[in-house]
Amino acid sequence: ELLSKVLENAYRRVLKGEEVRIILEVPPRHGKSETTTIKFPAWVLGQSPELPIIVACYSADLSEEFGQKTRDLMNNNNYQRFFSTRLRDDTQARGRWMTEKGGGYTAAGVGGSITGKGFKIGIVDDPYKNQQEASSEVTRESVWNWWTSTFYTRQEGNTAIILIMTR
């Protein structure tokens, strides 16, 4: 409940023109990805179907899996009873799809390309696969370089950036 309130507040602040930065440090299997990375983008696009969202994880496969779950949720009849947002028929890949209003979802692996895409909501969910990667100076430097040269430069004005990690 608290996490949902924090996320809703972040969305509302972005709409008001504010910058929002959130770091979530929650143990594994506590619903942080389900709430933040899957359901939150669906809710945001239900409210504001014109917003672009980027979700990045340590692997492109994982971020695309999240994208598929969000897409499937938005195509569900129950979702469509509450929201008028619909996805374009011609862009419904697992990790890259758009709404009829021009917003949408782009999935990427940390280190991967997101050239030509921007975001108002940017979510980085587990940039490191495991403790070994997180402890590696080389890997940390690589992730930092991607963050500063690729991800961070994709912001479209005022944005919310949400970083999810296990401490």
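The values are calculated or read from the model by the stated rules, or taken from the named source; none is laboratory data. In this text, all values refer to a predicted model and were calculated from it rather than measured experimentally. Cβ coordinates were reconstructed from backbone atoms using ideal geometry, including for glycine residues, and neighbour counts include every protein chain displayed. Calculation scope for accessible area: heavy atoms of the full protein, side chains included, ligands and nucleic acids excluded. Shrake-Rupley method; radii C 1.70, N 1.55, O 1.52, S 1.80 Å.
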Obtain the nm distance between the two label points defined at residue 47 and residue 165 by a simple spin-label model: each point lies 7 Å from its Cα along the Cα-to-C-beta direction. 2.7 nm
Let me check against my output: what whole-number percent is the relative contact order of the chain, with C-alpha pairs under 8 Å and at least 6 apart? 32 percent
Of [x] 47, 34, 30; [y] 47, 39, 26; [z] 98, 32, 23, which is the value of Cα extents along the principal axes in Å derived from the coordinates here? [x]
Rounded tilt (10° steps) of 60-75 against the dominant C-alpha axis of the chain: 20 degrees
Förster radius 45 Å - calculated FRET efficiency between residue 93 and residue 16, Cβ distance, rounded to 0.05: 0.90
Once you put a point 7 Å from the Cα of residue 82 and another 7 Å from the Cα of residue 117, both along the Cβ direction, what distance in nm separates them? 2.5 nm
With every protein chain kept in place and a 1.4 Å probe, region 48-128 has an accessible area per residue in Å² of 45 Å²
Let me confirm the definition first: pairs of Lys residues in the chain, 8 or more apart or on different chains, C-alpha distance under 17 Å. How many are there? 10
Cβ under 14 Å from residue 88's Cβ, residue 88 left aside: what net charge do those residues give with Lys, Arg +1 and Asp, Glu -1? 0
Work out from phi, with θ = phi - 60° and the Karplus expression 6.51 cos²θ - 1.76 cosθ + 1.60, the ³J(HN,Hα) of each residue of region 2-12, listed in order in whole Hz, and give x for Gly and Pro. 5, 4, 4, 5, 4, 5, 4, 4, 4, 4, 5
Cα-projected label distance for residue 135 with residue 61, points at 7 Å along beta-carbon direction, nm: 2.4 nm
Can you run phi through the Karplus equation (6.51, -1.76, 1.60; θ = phi - 60°) for region 24-31 and list ³J(HN,Hα) in whole Hz, with x for Gly and Pro? 9, 10, 10, x, x, 6, 10, x
Could you work out what % of the accessible surface of region 46-167 is carbon and sulfur, using a 1.4 angstrom probe and leaving DNA, RNA and ligands out of the count? 45 percent
Only helical DSSP H runs with n ≥ 4 go in: add -39500 (n - 2.57) per run for the chain, normalise by residue count and round the 222 nm mean residue ellipticity to 500 deg cm²/dmol. -10500 deg cm²/dmol
